[in-house]
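The values are calculated or read from the model by the stated rules, or taken from the named source; none is laboratory data. As the structure is a computational prediction, the values presented were derived from the model and not from experiment. Glycine also receives a Cβ, built like all others from the backbone with ideal geometry; neighbour counts cover every protein chain displayed.
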Amino acid sequence: MLGTDIAIDLGTSAVKIYLDGKGIILNEPAIVAVNVETDEVVATGKEAYAMVGRTSDKIDVCHPLCNGVISNFDMAQYLISTYLKKISNSKVFMPRVVVSVPCQITEVEKRAVVDAISAAGVRKICLIEEPVAAALGAGVDISTPHGTLVVDIGGGTTDMAVLSLSGIAISRSVKIAGNVFDEAIIKYIRKKYNLIIGQRMAEEAKKAIGCVYPRKDLSNHRVKGRNAMTGLPQWADISCDEMLEALIEPAVQIVRMIQEMLEKTAPELMGDVYTDGIILTGGSAQIYGIDTLISKKVKMPVNIATDSEICVALGAGKAIKFIDDMENKGYGVLNPLSAAY
């Protein structure tokens, strides 16, 4: 294990770690449960996820990452060190790390990511932008002078970029993704049924029957929660048409962002993108009909990448071999990594 290079996909909803030569060896929710009285961490990852919405006053379940960036530094640092300890048995585990970050984050936000990871005892940190990692993970050769449009719909942000020659020609990042879809479901059910449901219930409903384009066959899903008027337990059977009504607005906002980016894309790259179509990655790319909706609105083919959920982690893993090039900049080597610390 000594000196093995790793790649980390620091997502809003999950942290994935890729080990060079082994593939993805850890995929855990980015959640920490803390005892409020003693400030001690009770659980992380899957155990903490099981506590969401089900805790007593003593325990606070927090998400250290919000909208793709670190919102609680200490907890993020703890989470990263815990996961790194999980995968290494040795005391002198000093890897070099490739980390994925959203494409339009500030220097301060980048620094927070670097500091949180370096505290875990890491020799060198290289950053890679999420659309670049997603394209690499989807098996696209981005080193050629050919335009490729990748849209990565994650948990906290949707990152989109036109890539060419291992770099980003034009990019956009919008804070509308999986979590916003969950919130839209919660609001819709409260408004229509006077029923208050939790985030986990909304997420289950989204995975079961969520759609942003009419489904051919109707299906229902039962959601349980509390009546807003009486405070008593209540349930409702919601159909996929109602889900469509709840989710269409955030989905259309993502489409508008893609259209706006395409308007500003260079004509030559636009020609390439039109021929190849758009590549969709990220966990929320699996919502039914999102590819059809984008395809209808932007008038070009849309393909969902295989293993779309882990594309960014796989791509960051593939970029490990470029770490050495960051040190000795060889002539003619195009590097997908954006910065080294």
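Annotations for the structure displayed:
- Matching residues, the range 135-150, being crowded, with 21+ Cβ neighbours inside 10 Å and not β-branched (V, I, T): A135, L136, G137, A138, G147, L149
- Under the condition of being buried (at least 19 other Cβ atoms within 10 Å of the Cβ) and either under 17 Å from V99 (Cβ atoms) or under 17 Å from the mean Cα position of the chain (by Cα) (or both), the residues counted in the range 11-61 number 14.
- Extreme residue, surrounded by the most Cβ atoms within 10 Å (Cβ to Cβ), among residues of the range 111-134 that are basic (K, R) and at pLDDT below 90: K124
- Any hit, the range 114-124, residues being within 18 Å of the chain's Cα centre (by Cα) and among the hydroxyl-bearing types (S, T, Y): no
- Restricting I80, I8, I17, I25 to residues that are among the β-branched types (V, I, T) and outside any strand (DSSP E or B) narrows the list to I80.
- Put simply, of S100, S56, S81, S88 the only residue that is without any contact (Cβ under 8 Å) to a residue 12 or more places away in the chain and either assigned by TED's automatic domain parsing to the domain that holds A33 or of a type in the set (V, I, T) (or both) is S56.
- Counting only strands (runs of 3 or more DSSP E) that sit wholly inside the range 213-283, those with at least 2 residues that are in contact (Cβ under 8 Å) with a residue 24 or more places away in the chain and within 17 Å of G178 (Cα to Cα) are 278-281.
- Selection from the range 102-131 of residues that are under 18 Å from K318 (Cβ atoms) and in a helix (DSSP H, G or I): E130, P131
- Exclusive hit being of a type outside the set (V, I, T) and crowded, with 19+ Cβ neighbours inside 10 Å, set M243, M229, M257: M243
- Of the residues making up the range 185-237, those that are closer than 23 Å to A48 by Cα, out of contact with any Leu (no Cβ under 8 Å at 6 or more places or on another chain) and of a type in the set (V, I, T) are I186, I196, I197.
- Options I197, I238, I290: the member that is buried (at least 21 other Cβ atoms within 10 Å of the Cβ), closer than 23 Å to L136 by Cβ and not assigned by TED's automatic domain parsing to the domain that holds R54: I290
- Among the candidates A285, A228, A266, residue that is modelled with pLDDT under 95, of a type in the set (A, V, I, L, M, F, W, C) and within 25 Å of the chain's Cα centre (by Cα): A285
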